[in-house]
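The block underneath contains the structure these notes are about, expressed in structure tokens.
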């Protein structure tokens, strides 16, 4: 019959053995140390001066004092004496006051590292819970992405042109701003006041480098407010106009037909603030002539044509430009 167990070296009771309680108590002492092994230290080489009963240490190299000659063993203080046990590969222990787990590799104690395959996990939640849509979820004051020696890119990829690849900014889970390529391949910035209705404030077409803003051309106002444009344009039978947010108004018409022997009224395509604006008339055709301006008001102006000797029985076409202010 063998003298000890193969794994923990616990002493066996032998046939016809006297003083069986000694062997039994020795086995219990070993079990008390090795089951749920808790170490006061790992790698210590000098015994503590006042160890507690049951206190255990994993001895380091070149131990001294009562531990001399027991390098690498587990020393346990029991009944005013040190008892030593040689650890085997696979033994597991922890250190008092810590949360780390150590495994003996046959020669030394090593910190256990989890062997977990992190590829193709269903989801990762950091301080929160991930779900089927938000498979990576982070709840923290900030998220840091940094370089590994040079640059760093954050890639957001979509499957097709009609899909969305964007950054969405929310207030209490309601969308307020979005930037990216949404529904097409043009980069755009959108804003919303309620998370449902969105306004596109800037758009850049792919391969064009052309920037389009929602309020560059539109309706201008005085005083200007949110959504009002920088330019306003319009056209009709009375010509066209360009209206600027700073108050400038430009009205023009091409090939305006004058009348022989009388003035012709040009009704402006957009009214000025007053009759104080300038008008330029250019006579078309090869025959020299003169065009005069009269009866000027905020909404119209009379145009009359003459030849070079003052005869008004001519009727050339003229190009007209009026510049002034709309407020």
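The values are calculated or read from the model by the stated rules, or taken from the named source; none is laboratory data. Computed from a prediction, not measured in an experiment: that's the story for all the values here. All Cβ positions, even for glycine, are placed from backbone atoms using ideal geometry, and neighbour counts span all protein chains on display.
Residue selection: residue 235 fails the criterion of being in a strand (DSSP E or B) and more than 30 Å from residue 202 (Cα to Cα). Inspection of region 164-175 finds no residue satisfying the criterion of being in a loop (DSSP other than H, G, I, E, B), surrounded by 12 or more Cβ atoms within 10 Å (Cβ to Cβ) and in contact with a strand residue (DSSP E or B) (Cβ under 9 Å, 6 or more places away or on another chain). Of 89, 107, all but one fail to be more than 24 Å from residue 178 (Cβ to Cβ), outside the structural domain of residue 178 (by TED's automatic domain parsing), loosely packed, with under 10 Cβ neighbours inside 10 Å and touching a residue at least 24 places away in the same chain (Cβ under 8 Å); the exception is 107. Quick check on region 217-225. Is at least one of its residues farther than 28 Å from residue 139 by Cα, at pLDDT below 85 and assigned to a strand (DSSP E or B)? Among the residues of region 217-225, at least one is farther than 28 Å from residue 139 by Cα, at pLDDT below 85 and assigned to a strand (DSSP E or B), which makes the answer yes.
Taken together, the criteria exclude residue 243 from residues that are in contact with a strand residue (DSSP E or B) (Cβ under 6 Å, 6 or more places away or on another chain) and either in the same structural domain as residue 176 (by TED's automatic domain parsing) or in a loop (DSSP other than H, G, I, E, B) (or both). Only residues that are surrounded by fewer than 17 Cβ atoms within 10 Å (Cβ to Cβ), in contact with a strand residue (DSSP E or B) (Cβ under 8 Å, 6 or more places away or on another chain) and not in a strand (DSSP E or B) were counted across region 275-295, and they come to 4.
Restricting attention to region 65-86, which residues are touching a residue at least 60 places away in the same chain (Cβ under 8 Å) and on the phi > 0 side of the Ramachandran plot? Correct list: empty.
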